[in-house]
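Undergrad: Take this structure, written in structure tokens, and hold onto it; I'll ask about it next.
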Amino acid sequence: MLDKIQKIQEEFENSINKVKNLQELEQLRIKFIGRKGLINDILKSFKNLSDQEKRNIGPVINKLKLEITERIKNSTSLFQKVNTKNKIDITKPALKISYGHQHPLSRMETEIIDIFHSLNFAVVDGPEIEDEYHNFDALNIPANHPARDMWDTFWIDTKNNKSKLLLRTHTSPVQIRYMETHQPPFQIIVPGRVFRYEATDQSHEINFYQLEGLMVGENVTMANFKFIVESFLYKFFGKNVKLRFRASYFPFVEPGVEVDIKLANKWLEIMGAGMVHKKVFDNVKYNSNKIQGFAFGIGIDRLALIKYKIPDIRLLYEGDLRFIHQF
Amino acid sequence: MKFSYQLLKQLVPNLQGKQQVRDALSLHFFDVESINGNIIDINIPANRWSDAASHWGIARELATILNLNLQLPQLKEYKTRSKIIDVKITNKNLCPSYNAALLNNITIKDSPLWMQKILIDCGLKPINNVVDIMNYVMLETGQPLHAFDADKITNKSIVVKTAKNQEKFISLDNKNYILDNTTLVIADDKNSLAIAGIKGGKKAEIDNNTKSIIVESANFDSVSIYKTSQKIKLITDASLRFAHNLHPILADIGIARAIQLLKEIIGANLVSINKNTFYKFSKKVLRFNQDEFSHLIGLNVDIKIAAQIFQKLGFKILSKDSNNLILEIPPLRTDIENNNDLFDEIIRVVGYDKLPSTAPVITLKTHESDDLILFKRKVRKILNNFGLDEVYTYSFIGDDDVEKYKISTPLKLLNYISSDKKYLRPSLIPNLSKSVKQNLRFFDRVNIFEIGNIFNKDYTEKWSLGIALSGDEKSFFELKGILEALFSNFGLTDFYFAEKSNYDLLVNSLSIIVDEREIGYIGQDKVYSDIVVGELDFKKLLDLIEGDLEYKELPKYPAVERDVSIVVGDDVKVGNIIDAIQSTNIKLIENVDLIDEYTDKNWINKQGLTFRIVFRSPKKTLTALEVDNCMNKIINVLQKNFQAEIR
């Protein structure tokens, strides 16, 4: 019996040093001091011993059992300490996942187009180089009249070959082009880059974006325009925005209005609009006695400056990624 | 245009202050730009100068909008009498009306202080009583006036004609001008006395000894005045007003008021008056119809209220019924041409706050929206997902760019704002590369794109997608990868890059071929060789993307991969090798890739390349023998065509 106990002790010494992890340690524990383990095995045959032998061997078995238990306990806590060392520190900062940024004007365009899509407006595009007729004359803005001074124009050097060409000063010419090739009723918006010959500063650039709107039919009224513009502005700025119309003059509408919104207690001018002038309809060969409609123009850059609180319009065209990355 | 609150209050006595004036005008057509003490700066819209570029006109507007009393001076009507001054007008089209009044008993001294104050408030300098009255009447009525010293006019005879070509003229400001035969002048038998409608001359200038004057109150063709003013680069209060198309009847109002004030204030004596009018005055009668108003505006208005408004505005109601008003339009309202123009008068006075908001009733249609605009969105998203930032750059390039890139004949602006924005961009690349360069100051890597319009030599334009990446050799292949991924994303399968070197802006370039069509190019920027750029025709790309993606049958049979390592001359292009390998067996070779490149320091002019070839048959599992045969063919081709050494 004593040498059996001796053998168990030796086996344990061998095994405990080879244990690599908690799992193996547990298996070792079960093998030696588990319910069906080696120690209990010996204890089973203990009852067959004489009293004298019991008194000699008992303490030895107990001592071994205690030792094994103690050693296993120590190894357990060692393993657990190591495990804690290998656990991941989840408070460390995140890996940077890089993604490309959209230009704020693209966001604006998308947002605005979506709102008008939901009002059944189609989106139309047109050329940036225009002729004098489409940019001015067709819109009732005749040459040699101070009304034209409202738009400072970039003229293109056509080397005296063709009719005068310019960079469009507003997106309104696309309305004319659309009406020349389509019949009412319809409602369209025209986003696009426009150009003005003026000194640049915080709120003026030589190229910027406008959005033109046009709704034409037999029964389209100014009250309809109010509805459309309110729908757009409430969606865009939120239901708390206040707006007002001011009577105003543009050669291609009659009556004409300017639309202001109130933000942070200040009135801001954001849109020019009105009922399309009879002369404009005549120019596109619509029956101006039956057809009526409204048109409006809004500066997309201006909306971006307001909505995103950007202080200087020139930031939009400088291509500085420190700016673009904010969006 | 500056207005005196003091004078306005005289005309509309019950005004309650400048704020009230500002609120009333701003909402109802006349934007108030600023208020400075007694000075109200009002923006007069281009179509209202005939009636409202004057205190009387603005006063009428205020009286109507605020429903207050208007007190305008009563004017006497003058007809030609005692024709002492001879007036001849050679071009009646350019001068539809010319009134000349001769007054004596003039003593030149300062005008009364109250008049000086109003002139100063309105931005004019007081000179003497006669000149001040001329200016004061202009402020009141909107009609520009001019006074000549009658004794300095030869034979008291005035001619309105065009100047001689290259004629020299000295203004009363002592400035020199060169006129031509399109310039209208006021002249006597010997000299030109004034540039008509623009500026008076030294010859018949009023001075301290003037005892008798000729007052001119006339009307000139607006286009002629506008053009002359632009040509000689001289804009005056008078020229500005005439350029805005004043009604000739204003000249009668002006002369009547001038005579009245000259009598009252100076004690002048009217000796004779010569009136000449060549325009046909006809009454303008229009109809305001309640239903038509409601049909356009979407608001119902009481016909009685409409009548009140028209009356206050100076329209005469010739007849009315429950639905209609027949109106005689005040001649000065040159902006009112047809029945529709009457609606603005009502809605702007009533106020837009009364306009309801009514949803339009429409026939729904699916929009044939511009595909290009929606396609832009998709492309943006995909490129953002690949880590590229979107930028917007100017539509212009400058002398610098044209020189550096050697761009031939780009489109030029006639009135460019600066030499760096002189030309219309023929490509997105110059500005994109510049942008990359500038951003490299703050970022280690810069990957950007732009979707914008570029301009062709024939004045047409097209949408372009431009991409620019900073970096090293790897960037070139990254760009290729980005484009391939972009095309794949849209379901395109037939695309490749071909060697092509005649692109203006690049060195080391390839053309992008999709569905056998060249749609763009990539390469190194000619000016900044460490920047890799690409540009493609956006619309061409959109056109090639047909409909929807299609399912392709999943491969039934397994693929077999074989590698081959070769050593070839370093002048052999990898692209050519891959092409050659693929063409040995188009049916069975699914893919050829370059998986390794190496050099040995003992090699001169040689490079080592390893290719991985993937074989797959759609009909069966390939046997080792079959693949071996293919490989042998490939090895043959490599040895024959490229003198390759197989390792």
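Undergrad: Counting only protein chains, not ligands or nucleic acids, how are B:511, A:163 ordered by accessible area (probe 1.4 Å), most first? Mind showing how you got there, number by number?
TA: Working: B:511 5, A:163 75 Å².
The ranking, largest first, comes out as A:163, B:511.
Undergrad: Read phi for every residue in the stretch B:209-223 and hand back ³J(HN,Hα) as whole Hz from Karplus 6.51 cos²θ - 1.76 cosθ + 1.60, θ = phi - 60°, with x for Gly and Pro.
TA: 9, 4, 10, 9, 10, 10, 9, 9, 10, 9, 9, 10, 4, 5, 5
Undergrad: If you line up the long axis of helix A:172-181 against the longest principal axis of chain A, both from Cα atoms, how many degrees apart are they, to the nearest 10?
TA: Once rounded, one gets 80 degrees.
Undergrad: Continuing with the same structure: As a test of the formula, what do you get for chain A when each DSSP H run with n ≥ 4 contributes -39,500 (n - 2.57) and the sum is divided by the residue count, at 222 nm and rounded to the nearest 500 deg cm²/dmol? Before the final figure, lay out each step's value.
TA: On the way: 11 runs with 136 residues, N = 327.
Calculated from helices alone, the mean residue ellipticity at 222 nm is -13000 deg cm²/dmol.
Undergrad: Next question, about the same structure. Per-residue HN-Hα couplings for the stretch A:317-327, Karplus 6.51 cos²θ - 1.76 cosθ + 1.60 at θ = phi - 60°, whole Hz, x for Gly and Pro?
TA: Each residue of the stretch A:317-327 in turn: 10, 7, x, 6, 5, 5, 7, 4, 5, 7, 10 Hz.
Undergrad: Regarding the protein assembly as shown, what's the average projected area of the Cα-atom convex hull, expressed in nm²?
TA: Details: hull surface 267.5 nm².
So the Cα hull casts an average projection of 66.9 nm².
Undergrad: Just want to confirm a number: the relative contact order over the stretch B:306-422, from Cα pairs under 8 angstrom separated by 6+ residues, in percent. Spell out each step's value before the answer.
TA: Values: 58 pairs, mean separation 15.1, N = 117.
Relative contact order for the stretch B:306-422 comes out at 13 percent.
Undergrad: Leaving ligands, DNA and RNA out of it, report the carbon-plus-sulfur percent of the accessible area of chain A at a 1.4 Å probe.
TA: C and S atoms contribute 50 percent here.
Undergrad: Based on alpha-carbon centroids, what's the gap between the stretch A:1-64 and the stretch B:315-353 in Å, whole number please?
TA: Here the two parts' Cα centres lie 116 Å apart.
Undergrad: Using a 7 Å offset from Cα along Cα-Cβ at residue B:645, what residues in the stretch B:604-628 end up with backbone N under 13 Å from the label point?
TA: B:604-609
Undergrad: Might you work out the accessible area of residue B:146 for me, using a 1.4 Å probe with all protein chains in place, and round it to the nearest 10 Å²?
TA: Surface accessible to solvent at residue B:146 totals approximately 40 Å².
Undergrad: Tilt of helix A:104-117 relative to the longest C-alpha principal axis of chain A, in degrees (0 to 90, nearest 10)?
TA: 70 degrees
Undergrad: For the charge dipole of the protein assembly as shown, defined by +1 on Lys and Arg C-beta atoms and -1 on Asp and Glu C-beta atoms about the Cα centroid, which residue among B:308, A:268, B:585 has the Cα displaced farthest towards the positive pole?
TA: Farthest along the dipole direction, towards plus: B:308.
Undergrad: Only Lys, Arg, Asp and Glu count, each charged at its Cβ (+1, +1, -1, -1), so figure out the dipole size of the protein assembly as shown about its Cα centre, rounded to 20 debye.
TA: Result for the protein assembly as shown is approximately 2080 debye, rounded to the nearest 20.
Undergrad: Could you work out the relative contact order of chain B, using alpha carbon pairs under 8 angstrom and six or more residues apart, expressed as a whole percent? The partial results should precede the final answer.
TA: Numbers: 1192 pairs, mean separation 59.2, N = 647.
Dividing the mean separation by the residue count of chain B yields 9 percent.
Undergrad: Where is the GNM fluctuation largest for chain A (alpha-carbon springs, 10 angstrom cutoff): A:300, A:112, A:90?
TA: Sorting by GNM fluctuation, first place goes to A:90.
Undergrad: R0 = 25 Å: FRET efficiency of residue B:170 with residue B:227, Cβ-based, nearest 0.05? Write down the numbers at each step before the final one.
TA: Working: r = 22 Å, r/R0 = 0.87.
Computed FRET efficiency for residue B:170 and residue B:227 comes out at 0.70.
Undergrad: Determine the relative contact order of the stretch B:26-80: mean sequence separation of Cα pairs under 8 Å and six or more apart, normalised by residue count, in whole percent. The partial results should precede the final answer.
TA: Values: 32 pairs, mean separation 10.4, N = 55.
Dividing the mean separation by the residue count of the stretch B:26-80 yields 19 percent.
Undergrad: Amide H to amide H under 5 Å from residue B:221: which residues, 5+ apart in sequence or cross-chain, H placed 1.01 Å off N in plane?
TA: Under 5 Å from the amide H of residue B:221 lie the amide H atoms of B:95, each far enough along the sequence or on another chain.
Undergrad: Okay, moving on. Mind giving me the nanometre distance, one decimal, between the label points for residue B:420 and residue B:441, set 7 Å out from Cα along Cα→Cβ?
TA: 1.1 nm
Undergrad: Exceeding 18 Å between C-alpha atoms, which entries from my cross-link table qualify? They are B:9/B:117; B:76/B:280; A:7/A:65. Intermediate values should be presented prior to the final figure.
TA: Working: B:9/B:117 15 Å; B:76/B:280 22 Å; A:7/A:65 13 Å.
B:76/B:280, as the Cα separations exceed 18 Å there.
Undergrad: In whole Hz, with x marking every Gly and Pro, tabulate ³J(HN,Hα) for the stretch A:121-137 from phi via Karplus 6.51 cos²θ - 1.76 cosθ + 1.60, θ = phi - 60°.
TA: Each residue's phi maps through the Karplus curve to give 8, 8, 9, 10, 10, x, x, 7, 7, 10, 9, 4, 4, 6, 7, 10, 4 Hz.
Undergrad: Note down the magnitude of the dipole of chain B about its Cα centre, charges +1 on Lys and Arg C-beta and -1 on Asp and Glu C-beta and zero elsewhere, to the nearest 20 debye.
TA: Working: 83 positive and 83 negative charges, 628 e Å.
With only Lys, Arg, Asp and Glu charged at Cβ, the dipole is about 3020 debye.
Undergrad: While we're looking at this one, here's another question. Tell me the label-point distance for the pair residue B:265, residue A:159, using the 7 Å Cα-to-Cβ offset, in nm and rounded to one decimal.
TA: The two pseudo-label positions are separated by 6.0 nm.
Undergrad: Mind ordering B:595-601, B:173-179 by average Cβ neighbours within 10 Å, highest first?
TA: On the way: B:595-601: 9.7, B:173-179: 12.9.
Highest mean packing first, the order is B:173-179, B:595-601.
Undergrad: Taking the dipole about the Cα centre of the stretch B:1-111, with the C-beta of Lys and Arg at +1 and of Asp and Glu at -1, give me whichever of B:13, B:93, B:24 is farthest to the positive side.
TA: Going by the charge dipole, the pick is B:93.
Undergrad: If I histogram all Cα-Cα distances within the stretch B:517-647 using bins 5 Å wide from 0, what percent of pairs lands in each bin?
TA: Bins of 5 Å from zero give 2, 8, 15, 14, 13, 14, 14, 11, 6, 2, 0 percent of pairs.
Undergrad: A further question follows. Efficiency by 1/(1 + (r/R0)^6): what FRET value for residue B:576 and residue B:543, r their Cβ-Cβ distance, R0 = 25 Å, to the nearest 0.05? Before the final figure, lay out each step's value.
TA: Working: r = 30 Å, r/R0 = 1.20.
FRET efficiency, residue B:576 to residue B:543: 0.25.
Undergrad: Which translational diffusion coefficient, to the nearest whole µm²/s, is obtained for the stretch B:458-578 from the Stokes-Einstein equation, given a Kirkwood hydrodynamic radius over C-alpha pairs, 20 °C and 1.002 mPa s? Mind dumping the intermediate values first?
TA: Working: Rh = 16.6 Å.
Answer from the Stokes-Einstein relation: 129 µm²/s.
Undergrad: What aspartates and glutamates does residue A:81 reach when the alpha-carbon gap must be under 18 Å and sequence neighbours fewer than 8 apart in one chain are set aside?
TA: A:24, A:26, A:70, A:89
Undergrad: Next question, about the same structure. Based on alpha-carbon positions alone, could you give the equivalent ellipsoid semi-axes of chain B from the gyration tensor, as √(5λ), descending, whole Å? Write out the running numbers ahead of the final one.
TA: Numbers: eigenvalues 1310, 208, 83 Å².
Values for chain B, descending: 81, 32, 20 Å.
Undergrad: On to the next question. Can you work out D for the stretch B:265-419 in µm² s⁻¹ from Stokes-Einstein, where Rh is the Kirkwood radius over C-alpha pairs, the temperature is 25 °C and the viscosity is 0.890 mPa s? Write down the numbers at each step before the final one.
TA: Numbers: Rh = 23.2 Å.
Once the numbers are plugged in, D ends up at 106 µm²/s.
Undergrad: Okay, moving on. Sorting check: for B:277-290, B:12-25, B:458-471, which peptide has the highest mean count of neighbouring beta carbons within 10 Å, and how do the rest follow? Let's see the in-between values first.
TA: On the way: B:277-290: 13.9, B:12-25: 15.9, B:458-471: 19.5.
Top to bottom by mean Cβ count within 10 Å: B:458-471, B:12-25, B:277-290.
Undergrad: Then there is this: How much FRET efficiency would the formula 1/(1 + (r/R0)^6) give for residue A:94 and residue A:235, where r is the Cβ-Cβ distance and R0 is 41 Å, rounded to 0.05?
TA: On the way: r = 34 Å, r/R0 = 0.84.
So the FRET efficiency works out to roughly 0.75.
Undergrad: Another question, then. Which value, in debye to the nearest 20, gives the size of the charge dipole of the stretch A:10-136 about its Cα centre, when Lys and Arg are +1 and Asp and Glu are -1 at the Cβ? Kindly include the intermediate steps, with their values, before the conclusion.
TA: On the way: 20 positive and 19 negative charges, 521 e Å.
Roughly 2500 debye, rounded to the nearest 20.
Undergrad: Taking amide H positions as placed 1.01 Å from N in the peptide plane, with prolines and chain starts having none, which residues 5 or more places from residue A:101, or on another chain, fall under 5 Å of its amide H?
TA: Sorted by chain and number, the residues that satisfy this are B:389, B:390.
Undergrad: Oh, and also: In the protein assembly as shown, with Lys and Arg counted as +1 and Asp and Glu as -1 at Cβ, which of these residues, B:187, A:150, B:429, has the Cα nearest the positive end of the dipole, that is, farthest along it?
TA: Comparing the listed Cα positions along the dipole, A:150 ranks first.
Undergrad: Quick one: P(r) of the stretch B:383-524 from all Cα-Cα pairs, 5 Å bins, percents rounded to integers, in order of increasing distance.
TA: Per 5 Å bin, starting at zero, the Cα-Cα P(r) for the stretch B:383-524 comes out as 2, 9, 17, 21, 22, 15, 9, 4, 1, 0 percent.
Undergrad: Taking amide hydrogens as modeled 1.01 Å from N in the peptide plane, which residues meet the under 5 Å criterion relative to residue B:336, leaving out close sequence neighbours?
TA: It is none; the list stays empty.
Undergrad: Express in whole angstrom the spacing between the alpha-carbon centres of the stretch B:519-548 and the stretch B:252-267.
TA: Measuring centre to centre over Cα atoms gives 74 Å.
Undergrad: Using alpha carbon centroids, what distance separates the stretch A:243-311 and the stretch B:435-488, in Å?
TA: Their Cα centres are 37 Å away from one another.
Undergrad: If I stretch the segment between residue B:409 and residue B:289 completely, what's the gain in nm (0.36 nm per residue apart, minus their alpha carbon distance), one decimal?
TA: That works out to 37.4 nm of additional length.
The values are calculated or read from the model by the stated rules, or taken from the named source; none is laboratory data. Every value quoted in this text rests on a predicted model; they were computed, and no experiment measured them. Methodologically, a virtual Cβ is constructed for each residue, glycine included, from the backbone with ideal geometry; neighbour enumeration extends over all protein chains shown. These area figures cover heavy atoms from the full protein model, side chains too; ligands, DNA and RNA do not enter into them. Shrake-Rupley method; radii C 1.70, N 1.55, O 1.52, S 1.80 Å.
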